[in-house]
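No lab work stands behind these numbers, since they all come straight from the coordinates. Being a predicted model, the structure only gives us computed values, none of them experimental. Neighbour counts are summed over all protein chains in view; Cβ atoms, including those assigned to glycine, are modelled from backbone coordinates with ideal geometry.
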Amino acid sequence: MSITVVLGLQWGDEGKGKIVDALSPSFELVARFQGGPNAGHTLVFNGKKHVLHTIPSGIFGESQKNLIGHGVVLDPITLTKEVQKLDETGLDYDHRLFIAQKVHLILPTHRLLDAASEAAKGRQKIGSTLKGIGPTYMDKTGRNGLRLGDLSLPSFMQRYRNLRDKHLSLLKLYKTDVDFDLQAEEDRWFESLKTLERFQQVDSVYFLKDQLARGKRILAEGAQGAMLDVDFGTYPFVTSSNTATAGVCTGLGVPPQAISEVIGISKAYCTRVGSGPFPTELKDETGERLRKAGHEFGATTGRPRRCGWIDLPALKYAIAFSGTTQLTLTKIDVLNEFDEIKIATAYRYNNKKTDQLPFDLTHTPVEPLFETLPGWQSSLDNCSSFDELPPNCQRLIRTIEQHTNVNVKIISTGPDRNKLIKR
Ligand code: GDP
Ligand code: IMO
Ligand code: MG
């Protein structure tokens, strides 16, 4: 039984898409298990950039199957746009993309509710991507949701109308106006349902049971990051799903003992998009320098990402609850020009120095305590092995390993799928 999980360990955008794409030739199936089109996963190869939101990042492989697991929330409109972009590349993938029947559908009014909820929160807003994620998961756990498989039931239209009307009543509770042409969005939504007919719909339990029984290797692709997990992240500034390893079992329907490896990804520094606590954030020119060097703008919303130094207490916490067995360090090349690199090794709060997170980072501001390491001030372009990396770059990697007690087995040195060092 062999499932390898690839997860972000920070606040998203760690480079999951790139790593999944690069590793996918060693797997027969790539599966997304949670999240939805709030994700933006960037793949770069042959000089071209591709951004995926719902479709797994194994889709550009030659033979891999790709599954959108039932833990995902799916918007037929965004999926249709994604499919149109893929079609333009000439890729042949219809027979390789599978969708779980129990995937929950994002309705136009879910997006409308997301926007109204955020507008009503004002300065306290989550900074949601406004893709309707929170309201859709609320309907799922509230037992009101509509699933892909429900589309073929005679009761579907009545259930759709009931849910939409309930949403419209709820909207009246928010004392804000949101600019939204519901009729046009509904027309687009129903039109987009046709896209779903192109792909095989499966019961993911039987589908994956069969794959596992036949010895197929499966790569589970996380979206968002551990610190955005609804249970363990910086609540309430989180997303609405379990982004870490626990989400693989519920989002795909596989047993925990089928998971053999958990690859946790961290940038060599840290970013966050949207609101919420970020202890190592740099609001100065160093933060601006990181944003420029790392092109830190959201792949889904285009928003500038907040930037700061790597936060090892947060990383160690994420490693603990995700069961990370090996680390991947991405975007280390972004630090090439820095003469000094800082890493937060502990926090101080309540007059105590500790490497543990408080109950609530929002209400317990922490002071990060930094260690400073020398930079390497050279390009990594010609480095294809760990030994070829500049000594100070190796030192940074070893220091992260010492603090986390987990080996860094993959180092990413650029956006392209080939810019990868394996140890
Ligand atoms: P994801 O959501 O985790 O898949 O990450 P995103 O695609 O949202 O953001 C990561 C960004 O960094 C993308 O623009 C990638 O092309 C880029 N990227 C990934 N790995 C590296 C790397 O090692 N170095 C550099 N410079 N860019 C990278
Ligand atoms: P990938 O998979 C970074 C953030 C939003 C917001 C919070 C809640 O590309 O790493 P939501 O739309 O889920 O209600 O937003 O979570 N967020 C992400 N940040 N990368 C993502 O995905 C994200 N998906 C959601 O910015 O702060
Ligand atoms: Mg992203």
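Points to keep in mind about this one:
- Net charge over other residues, Cβ less than 10 angstrom from the Cβ of residue 144 (K, R count +1; D, E count -1): +3
- Dimensions of region 1-76 based on its C-alpha atoms, expressed as ranges along the principal axes with the largest first, amount to 33, 28, 28 Å.
- Set of lysines near residue 121 by C-alpha distance (under 16 Å), chain-local residues within fewer than 8 positions excluded: 172, 175
- Ascending count of other beta-carbon atoms within 10 Å, so fewest first, for 138, 157: 157, 138
- For region 259-392, the equivalent ellipsoid derived from the Cα gyration tensor has semi-axes of 24, 19, 17 Å, listed largest first.
- Among 358, 405, 392 the positive-end extreme of the charge dipole of region 336-421 (Cβ point charges): 358
- Positive end of the dipole of the chain (Cβ unit charges, origin at the Cα centre): among 370, 253, 26, the Cα lying farthest that way belongs to 253.
- Reciprocal of mean inverse Cα separation for region 85-140 (Kirkwood radius, Å): 13.6
- Highest-MSF residue in the chain out of 37, 304, 154 [GNM, Cα springs under 10 Å]: 154
- Residue-by-residue Karplus 3J(HN,Hα) for region 265-274, coefficients 6.51, -1.76, 1.60, Hz, glycine and proline x: 9, 9, 6, 6, 9, 8, 9, 8, 10, x
- Counting Cα-Cα pairs of region 164-307 in 5 Å increments starting at 0 gives whole-percent bin shares of 2, 7, 11, 12, 13, 15, 15, 13, 9, 3, 1.
- ³J(HN,Hα) computed for each position of region 398-403 - Karplus, 6.51 cos²θ - 1.76 cosθ + 1.60, integer Hz, glycine/proline x: 5, 5, 5, 4, 4, 6
- Here region 9-53 is treated with +1 on each Lys and Arg Cβ and -1 on each Asp and Glu Cβ, and its dipole about the Cα centre works out to around 140 debye.
- Over 26 Å between alpha carbons, listed pairs 194/216; 209/422; 48/422; 209/409: 194/216; 209/422; 209/409
- Kirkwood hydrodynamic radius of region 321-423, Cα pairs, Å: 15.3
- Filtered trypsin sites (Lys or Arg not before Pro), region 152-191: DSSP coil and at most 12 other beta carbons within 10 Å: 175
- Neighbour net charge for residue 393 - beta-carbon separation under 12 angstrom, K R +1, D E -1: -1
- Checking every one of the GluC sites (Glu not before Pro) in region 60-140 against DSSP loop status and a limit of 15 other Cβ atoms within 10 Å picks out 62.
- Test item: Cα-centred dipole of region 171-220, Lys/Arg +1 and Asp/Glu -1 on Cβ, debye: 620
- For the chain, taking the reciprocal of the average inverse distance between every pair of different Cα atoms yields a Kirkwood hydrodynamic radius of 22.1 Å.
- Cα-Cα over 27 Å, subset of 16/85; 18/353; 65/166: 18/353; 65/166
- Scanning residues 5 or more positions from residue 346 or on other chains, those with amide H under 5 Å from its amide H are 369, with H placed 1.01 Å from N in the peptide plane.
- Point-to-point label distance, residue 101-residue 418, nm (Cα→Cβ direction, 7 Å offset): 4.5
- Here 194, 267 are placed in order of increasing Cβ neighbour count within 10 Å, fewest first, which gives 194, 267.
- Each residue of region 6-23 was assigned a 3J(HN,Hα) from its phi angle through the Karplus expression (A = 6.51, B = -1.76, C = 1.60, θ = phi - 60°), giving 10, 10, x, 9, 10, 9, x, 6, 7, x, 4, x, 4, 5, 4, 4, 5, 7 Hz with x at Gly and Pro.
- Computed [θ] at 222 nm, helices only, for the chain once each DSSP H run of length n ≥ 4 contributes -39500 (n - 2.57): -9500 deg cm²/dmol
- Cα-based equivalent ellipsoid of region 42-145: semi-axis lengths in Å, sorted from largest, via gyration tensor: 29, 17, 10
- For the chain, the longest principal axis of the alpha carbon atoms and the long axis of helix 204-213 meet at an angle near 50°.
- Put simply, the amide H of residue 281, placed in the peptide plane, has no neighbours under 5 Å, leaving out anything fewer than 5 places away on its chain.
- Under 17 Å from the residue 381 label point (7 Å along Cα→beta-carbon), backbone N, region 317-333: 332-333
- Spin-label model, residue 157/residue 216: points 7 Å from Cα along the beta carbon direction are separated by 3.6 nm.
- Counting neighbouring beta carbons within 10 Å and listing from fewest to most, the residues 309, 189 come out as 189, 309.
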